[in-house]
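Engineer: Shown below is the structure under consideration.
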Amino acid sequence: MIKSCSIEINGLPLNVETGRVAKQASGSVVVTYGETVVLVTAVSTDEIRGGIDFLPLTVEYQEMSYAGGNIPGNFFRRDMGRPSERETLTSRLIDRPLRPLFPKNYHFETQVIATVLSTDKENESDMLAILGASAALEISDIPFFGPIAGVRVGRIDGRFITNPTISQQAESDINLIVAGNRDGVVMVEAGAKFVSESDMIEAIFYGHEAIQPMLDMQERLKAEAGKAKRVIPPVVVDEALEARIRETAAPLLTEVIATADKMERQRKRTEAEAHTVELLSGEYEGKGSEIQEGVHSLEKAMVREMMLSEGKRIDGRAFNEVRPIECVVGLLPRIHGSALFTRGETQAMVLTTLGTERDEQRIESIYGDYFSSFIFHYNFPPYSVGEAKRLGGPGRREIGHGALARRGLLPILPDKDEFQYCIRVVSEILESNGSSSMASVCGGCLSLMDAGVPIKAPVAGVAMGLVSDGERVAVLTDIIGDEDHYGDMDFKVTGTRDGVTALQMDIKVERLTREIMEKALDQAKEGRLFILDAMDKAISRPRAAVSQYAPIIASVKISPEKVRVLIGPGGKTIREISNSSGARIDVDDEGTVTVSSPDKVVSDAAIKMIRAIVQEAEVGKLYRGKVVKIMDFGAFVEIFPGTDGLIHISQLAEERVNKVTDVLNEGDEVLVKVLEVGNDGRIRLSRKAALGESLDNVS
């Protein structure tokens with residue numbers, strides 16, 4: 001039976017329908033907004049695979065080419081290849097608010113698939129996918145502590161907008177995604193143009209208010225079309241085993257959580273776990289995995305209690321204290337820009353490479369193809385955490401961290417007409433113990449300045465954490481890996497001294513209050529300013545010039561009417577200039593010529609050739625030209641490539657000339673002076689007027 005619910009957002013109906021398609025899925029909905037349509041399905045198996053003691057949840061978001069009226073550009077002309085970066089990031093957006101809302105003991109294979117079926121190229125599909133994922137789970141038999149919903153918040157001229165169109169986003173100084181439930185916010189993802197912390201808080205809770213009608217809609221749909229939820233047996237706690245684990249492991253774990261060094265702490269943790277399993281395995285035969293899990297749970301409880309009761313952190317820092325920072329720039333000789341950023345046991349080597357327009361990344365999208373002139377790549381090799389694993393391509397984590405760092409740096413980059421280079425930044429994580437993405441932002445900023453990129457202001461990033469038991473709260477600045485693992489929040493903030501450029505927040509508790517979020521943002525600003533001060537000691541402003549190893553990029557503006565002349569028949573002229581000078585030359589229809597070359601000598605030579613071809617005749621100037629045609633009434637002279645003028649027979653000499661060929665023949669070089677340039681472009685030349693003129697004035 002088909003059931004649907006609708007609300008209105010920005011004058012357009014938002015509709016969620018179930019019962020028409022994909023009826024064999026555990027839950028399926030079609031979400032429509034404007035002419036953008038997304039199908040979302042949720043399926044969970046009936047059996048648990050052996051050895052699974054976690055939630056095996058996979059979330060896939062796919063943008064089908066036909067949704068935008070396109071045919072895929074790959075060789076096979078198929079969708080379903082490697083997911084695009086946008087598809088990967090959107091899959092993460094859906095996954096992050098859903099994952100904490102399943103029962104802790106729910107271990108059935110679960111899959112959510114969101115498929116974009118149609119797009120009107122104005123109303124984005126990602127927010128519809130989050131809504132659809134929650135709605136599909138709500139009406140299914142899968143246990144789920146929903147509903148949730150997500151919205152995008154923009155701000156134009158000081159006014160907040162719910163789910164701004166793609167056109168409106170270009171005018172907005174905030175691009176914020178908020179996901180939440182009835183009680184609070186569960187996920188935040190944002191890019192911003194130097195927005196204050198207080199304005200970000202207002203935008204976040206504006207978004208939380210905007211999702212409430214979407215929650216109402218899902219509850220109505222569940223009441224009409226929902227299935228009975230599966231009954232999951234409660235976890236049976238072996239209190240006697242817990243007591244023995246506490247008795248055996250607590251003294252050892254006390255030493256573990258007092259060890260500041262990460263690798264040493266891991267060694268002691270492994271020893272404590274092995275010792276506890278060895279002592280208790282005889283008493284509790286066959287329960288080795290339960291004993292291991294019990295040791296992990298005990299350590300988590302001890303770490304959290306130490307923070308909340310004693311005000312202590314694992315490495316002994318104050319809650320608002322940033323780890324020691326070291327910044328080094330220019331450490332690699334041939335790289336256009338390089339930086340090594342170390343904060344505690346997290347270290348990022350970040351490299352900047354400058355390229356030309358031809359190096360820009362071409363991105364295919366259902367919304368239309370476009371080029372990106374700023375590329376950020378994040379690499380996380382296994383040695384950074386002391387592991388030996390197979391190297392492979394970037395996973396969702398690497399793509400997500402790179403996208404966050406890119407978003408944090410993007411607002412500080414110069415406008416394209418000011419700095420015409422394509423910029424690629426690569427972050428190589430050499431050591432990791434908490435917030436390598438924020439180290440990538442800091443190192444990326446240092447690297448850009450070392451490369452001579454005229455950034456608007458330095459930017460830094462810091463990761464915040466939270467530990468709370470419902471009454472007591474500890475907000476942590478610059479969290480390490482164990483604090484992230486055992487804590488309740490991962491809140492990353494990037495910005496300049498003047499405002500926020502990016503946010504990313506995930507929580508493991510049911511909600512986050514406004515007061516806690518305000519405290520976290522204020523404390524993050526304090527930490528960010530501390531980091532910026534440390535960065536300033538290494539390099540406080542961009543270098544005056546780009547690296548000598550970077551390509552030279554110069555621009556020449558010519559008349560649009562001269563573009564065809566510069567290109568020449570079949571591109572012959574522009575190719576000849578490129579081959580002769582060694583420069584790469586591009587020209588657009590508006591007459592902007594971009595010259596890319598390995599050094600200034602080559603650049604200057606190419607520009608000189610270009611100007612010689614596209615220059616326009618000036619009255620009174622002397623030119624050395626070539627006779628290209630003889631007529632009875634005069635001679636046509638090419639004064640520069642593509643431009644001819646006429647010397648009338650009366651202007652050939654001071655004395656009377658009876659026949660043009662008495663003075664000139666085709667192929668002769670002749671010095672002429674421009675007498676007139678007519679409105680029709682015709683040029684009158686004189687050989688007579690050029691006689692006796694100084695050759696210093698020849699153009």
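Engineer: For residues that are free of Cβ contacts under 8 Å to residues at least 60 places away in the same chain and more than 19 Å from the chain's Cα centre (by Cα), scanning just segment 447-467, find the one that is surrounded by the fewest Cβ atoms within 10 Å (Cβ to Cβ).
Structural biologist: 466
Engineer: Okay, next question. Looking at (1) assigned by TED's automatic domain parsing to the domain that holds residue 406; (2) crowded, with 21+ Cβ neighbours inside 10 Å; (3) farther than 23 Å from residue 543 by Cβ, which is the one condition that is false for residue 358?
Structural biologist: Every listed condition holds for residue 358 apart from (2).
Engineer: Among what's in segment 54-86 and is assigned to a loop (DSSP other than H, G, I, E, B) and touching a residue at least 60 places away in the same chain (Cβ under 8 Å), pick the residue that is nearest to residue 185 (Cα to Cα).
Structural biologist: Step by step, filter segment 54-86, then rank; the result is 84.
Engineer: In addition: Mind checking which residues of segment 426-482 are under 17 Å from residue 384 (Cβ atoms) and among the charged types (D, E, K, R)?
Structural biologist: 428, 431, 482
Engineer: If I ask for residues that are within 26 Å of residue 83 (Cα to Cα) and assigned to a loop (DSSP other than H, G, I, E, B), which ones from segment 343-368 would you list?
Structural biologist: 360, 364, 365, 366, 367, 368
Engineer: Does segment 275-289 contain any residue that is assigned to a helix (DSSP H, G or I), in contact (Cβ under 8 Å) with a residue 40 or more places away in the chain and either in contact with a Leu (Cβ under 9 Å, 6 or more places away or on another chain) or not aromatic (Phe, Trp, Tyr) (or both)?
Structural biologist: yes
Residues are listed down the side, and each one gets a yes or a no for (1) under 23 Å from the mean Cα position of the chain (by Cα); (2) at positive phi:
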| site | (1), (2) |
| --- | --- |
| 46 | no, no |
| 50 | no, no |
| 61 | yes, no |
| 64 | yes, no |
| 77 | no, yes |
| 81 | yes, no |
| 88 | yes, no |
| 92 | yes, no |
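Engineer: Name every residue in segment 477-506 that is under 22 Å from the mean Cα position of the chain (by Cα) and among the β-branched types (Val, Ile, Thr), in order of residue number.
Structural biologist: 493, 494, 496, 500, 501
Engineer: Sticking with this structure for a sec: For segment 506-529, how many residues are in contact with an Asp or Glu (Cβ under 9 Å, 6 or more places away or on another chain) and under 19 Å from residue 409 (Cβ atoms)?
Structural biologist: 3
Engineer: Of the residues that make up segment 679-695, is at least one modelled with pLDDT under 90, polar (S, T, N, Q) and not in a loop (DSSP other than H, G, I, E, B)?
Structural biologist: Of all residues in segment 679-695, those modelled with pLDDT under 90 come to 679-681, 691-695.
In the following step, the residues that additionally are polar (S, T, N, Q) were identified as 679, 694.
Imposing the further condition that a residue be not in a loop (DSSP other than H, G, I, E, B) reduces the set to none.
Checked segment 679-695: no residue is modelled with pLDDT under 90, polar (S, T, N, Q) and not in a loop (DSSP other than H, G, I, E, B).
Engineer: Answer with yes or no whether residue 89 is closer than 22 Å to residue 216 by Cβ and in a helix (DSSP H, G or I). It would help to see each step written out before you state the result.
Structural biologist: Working: closer than 22 Å to residue 216 by Cβ: no; in a helix (DSSP H, G or I): yes.
The answer is no for residue 89.
Engineer: Sticking with this one: Going by what's in this entry, would residue 181 be described as of a type in the set (S, T, N, Q), modelled with pLDDT of 95 or more and either buried (at least 18 other Cβ atoms within 10 Å of the Cβ) or not assigned by TED's automatic domain parsing to the domain that holds residue 121 (or both)?
Structural biologist: no
Engineer: Shifting gears a bit: In segment 676-687, how many are in contact with a strand residue (DSSP E or B) (Cβ under 9 Å, 6 or more places away or on another chain), surrounded by fewer than 18 Cβ atoms within 10 Å (Cβ to Cβ) and more than 19 Å from residue 613 (Cβ to Cβ)?
Structural biologist: 3
The values are calculated or read from the model by the stated rules, or taken from the named source; none is laboratory data. In this text the structure is predicted, and so the values were computed from the model without any measurement. No Cβ is skipped: glycine too gets one built from the backbone with ideal geometry, and neighbour counts run over all protein chains shown.
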